[in-house]
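Just below is one structure, and these are the notes that go with it.
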Amino acid sequence: MEDVIIIGAGIFGLSIARKLQKTGRDVQVFEASHVGAGASATPLGVLSPHAPDNWNEKKEAQFQALRSLPAHLDALEQETGLSAGYRRCGRLLPLTTENQRAIWTRRIKDARENWQGEASLEIVEPPADWLSPDMARFGAVRCGLSARINARAYLNALAASVGGERIHTGKTLERLEPQTAIFTDGSKVTAKDIIVASGTDAFRHLPDGANGEPAGRGEKGQAALFRLAQSDSENRPIVFFDGTYVVPRGDNIVALGATSERHFEDAHTTDALLDAKIDKARALCPALEGAEEIERWAALRPRAADRRLLVTPHPTLEGITIATGGFKTGLAMAHMLEV
Ligand SMILES: Cc1cc2nc3c(=O)[nH]c(=O)nc-3n(C[C@H](O)[C@H](O)[C@H](O)COP(=O)(O)OP(=O)(O)OC[C@H]3O[C@@H](n4cnc5c(N)ncnc54)[C@H](O)[C@@H]3O)c2cc1C
């Protein structure tokens, strides 16, 4: 019998694998396809806090995750020699009405209290070559707590830390029995602990909630990468407006997205909805003029019914834990998961 097996080599599976290894557990990871085959390879890599007003437990957890992430990534880089491309670049939110400006002026006070001096929130006149003045008629909010990460580099560093020989690719979990994983190739692995971190797929192992709804579902998201014709994106802030992100990634690469689709035919194809997102991003950011598209990408965000992280022992199967529900903030939260 194995000690611990983990299903899924996304950000959740690899983060949990590394954490358990550090406590002396012997961990093996089983992945249907390859490292980062799911949502975790998102080109966006935005790490941003919730609005600082109406503070609650969920906002505090997210804040603590953002606060602790740099030290976690430093340790990972020192161990593996691999950078996750983290940078606290800040985020601009254009203000389009007087009323929005008034709301955010109040939130600046909340940020002072709830962010405990970790970062500032302020209203600024944004640079006209990065955030269109037409969009920011009442200025812009600059959130100093927001950061970016290169999700694929983060996955690579985690995989290096866990050890390639412990990550078994091409192994698709079919079903579970107590302390047993049964794969589609007919093989069975037993373990003292099995952690199912297979993203959206993980929800199917849980019973429906009391209201008959599934424990969670996949919400499709599409995003794209562009290379800027000119202008250095290295030191620029993220821009966010009405569900559209422009994320500077360094080396003149910018990520744009993302759609949020409850209903879709194919989880992995991109279409006109992404084109519409790109148009919105172009209206936000003048530096995208003449930029060249270099990648289109789509995946399913694992969204729990109550939108929270879902880390729970299986209700009936001994030795099984389900860890999913990263939804839109999985990259920021993964290092905090406790199983
Ligand atoms: C368009 C888009 C943009 C996003 N942007 C951001 C962002 O900017 N910031 C942020 O924090 N979050 C973002 N997210 C959300 C984030 O990507 C997720 O919360 C996070 O990646 C979930 O990680 P996971 O490990 O649970 O799932 P996944 O990354 O999906 O990993 C699950 C893994 O399990 C494997 N698997 C599936 N089924 C099986 C099976 N039966 N057997 C074995 N293996 C299996 C898959 O191949 C995959 O590798 C975004 C998501 C999308 C789609």
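Couple of notes before you dig in:
- Residues within the reach of a label modelled at E293 (point 7 angstrom out along Cα to beta-carbon, backbone nitrogen below 11 Å), restricted to region 250-284, are 270-279.
- Over all pairs of different C-alpha atoms in region 158-226, the reciprocal of the mean inverse distance, the Kirkwood hydrodynamic radius, equals 14.8 Å.
- Amide H within-cut-off set for E177, under 5 Å, with H built and near neighbours excluded: I182
- Cα gyration tensor shape of region 192-339, rounded if a/c is under 1.5, else prolate or oblate by comparing a/b with b/c: prolate
- Of W130, V141, G209, farthest towards positive along the dipole that unit charges on Lys, Arg, Asp, Glu beta carbons give region 119-235: G209
- Judged by the mean number of other Cβ atoms found within 10 Å, the most tightly packed of the peptides 69-81, 145-157 leads the ranking 145-157, 69-81.
- Net charge of Cβ neighbours under 10 Å - reference P43; Lys, Arg +1; Asp, Glu -1: +2
- Of the residues T97, T190, T42, the one with the fewest other Cβ atoms within 10 Å heads the list, and the complete ranking is T97, T190, T42.
- √(5λ) per eigenvalue of the Cα gyration tensor, the chain, largest first, Å: 36, 21, 20
- Computed from backbone phi, the HN-Hα couplings of region 187-192 come to 6, 10, 10, 9, 7, 4 Hz, rounded to whole numbers (Karplus: 6.51 cos²θ - 1.76 cosθ + 1.60, θ = phi - 60°; Gly and Pro given as x).
- Three-way shape label, region 87-148, alpha-carbon gyration tensor, a/c 1.5: oblate
- Residues I167, I182, I11, arranged from fewest to most other Cβ atoms within 10 angstrom of their Cβ, appear as I182, I167, I11.
- Separation of the A229 and H168 label points, Cα + 7 Å toward Cβ, nm: 5.3 nm
- Modelled FRET efficiency - R0 22 Å, D271 with D134, Cβ distances, 0.05 increments: 0.20
- In Hz, Karplus ³J(HN,Hα) per residue of region 135-146 (6.51, -1.76, 1.60; θ = phi - 60°; x = Gly, Pro): 8, 10, 5, 10, x, 8, 8, 10, 9, x, 8, 6
- Note on K109: aspartates and glutamates with a C-alpha under 14 Å away, same-chain residues under 8 apart excluded, are D53, E118, E122.
- Modelled this way, with points 7 Å down the Cα-to-C-beta line, the labels at S187 and A160 are 2.7 nm from one another.
- Residue exposure proxy: V339, V247, ordered by other Cβ atoms within 10 angstrom of their Cβ from fewest to most, comes out as V339, V247.
- Among P207, P133, P248, the largest mean-square fluctuation in a Gaussian network model of the chain (Cα springs under 10 Å) belongs to P207.
Quick note: the coordinates plus some simple rules give every number you see, no bench work behind them. These numbers come from a predicted model, not from an experiment. Cβ: placed from backbone, ideal geometry, glycine included. Neighbour counts: every protein chain shown.
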